[in-house]
Amino acid sequence: MDAVARAAGVSKQTVYSHFGSKQDLFAAVIEGKVAAYRLSAEDLSGADDVRDALITIGERFVELLFDDEVSAMFRVVIGESVSHPEIARLFHAAGPQRTIDALAACLQEYAGIGELDLDSPGDAAVTYLNLLRGEFHMRRLMNLCPDVSAACRRRHVEARVDQFLRLYGSADKQPA
């Protein structure tokens, strides 16, 4: 909290008055990243075409995966998860779970209009995000691929969308 206060140019008491605790500050940072990449529930709905919507969501999510701060935080959380499991729980609730929940709500909307065939929107959301992570995320976390071109990211996202739609697209909406 001292370092945060110094960086912000305020007193530690001011930081505590805004966030209450280190945990609240940590959650706010994670939530801020989710918001910055427009992965909240209100950001994920509204597109008419399910494929276009999934591509947009996928591009935002892959950009998040390639954010240097996000990668560094993910590494720290994994490293601390054994000795400080509460940090991992807080991180998951503020970031990944919020994204899963927002995506599940979006997918449910498309299921409601017959674009997707879902038993569990939450499971489908996890499947889509895991398809997007794939080898990219593993290599990124191990610093084996510091960056990937925008064209390569786009191809990756489009291929994962087509896989997802083969799994969950309504019978008449299957990709070629």
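Of [x] 1.15; [y] 1.05; [z] 1.21, which is the value of Cα Rg over 2.2 N^0.38 Å derived from the coordinates here? Of the labelled values, this structure produces [x].
Calculated on C-alpha atoms, the gyration radius of region 72-176 divided by its Kirkwood radius gives an Rg/Rh of 1.04. Neighbour counting of Cβ atoms within 10 Å sorts the residues CYS106, CYS152, fewest neighbours leading, into CYS152, CYS106.
Compared with the direct C-alpha span, the chain from SER81 to ASP49 gains 7.6 nm at full extension, assuming 0.36 nm per residue.
Residues whose amide H falls under 5 Å from that of LEU116, counting only those 5 or more places apart or on a different chain, are ALA111, SER170, with hydrogens built in the peptide plane.
Remark: relative contact order (region 38-173) = 33 percent; criterion is Cα-Cα distance under 8 angstrom and separation of 6 or more residues.
Here region 80-119 is scanned for amide nitrogen atoms under 14 Å from the site 7 Å beyond the Cα of GLN23 along Cα-to-Cβ, giving 84-94. Selection among LEU90, ALA41, SER120 by position relative to the dipole of the chain gives LEU90 as farthest towards the positive end (Cβ unit charges, Cα centre). Principal-axis analysis of the Cα atoms of the chain puts helix 96-112 at an angle of about 30° to the longest axis.
Secondary-structure-derived ellipticity at 222 nm for the chain, considering helices only, amounts to -23500 deg cm²/dmol, per-run term -39500 (n - 2.57) for DSSP H runs with n ≥ 4. For region 38-173, the Cβ-based charge dipole about the Cα centre amounts to some 500 debye (Lys, Arg positive; Asp, Glu negative; other atoms uncharged).
Using the Cβ of GLY95 as centre and a radius below 9 Å, the other residues enclosed give a net charge of +1, where K and R count +1 and D and E count -1.
Readers should treat all values here as calculations from the given coordinates under stated rules, not as data from a laboratory. These numbers were taken from a predicted model, which means no experiment stands behind them. Glycine gets a Cβ as well: all are built from the backbone with ideal geometry, and neighbour counts include every protein chain shown.
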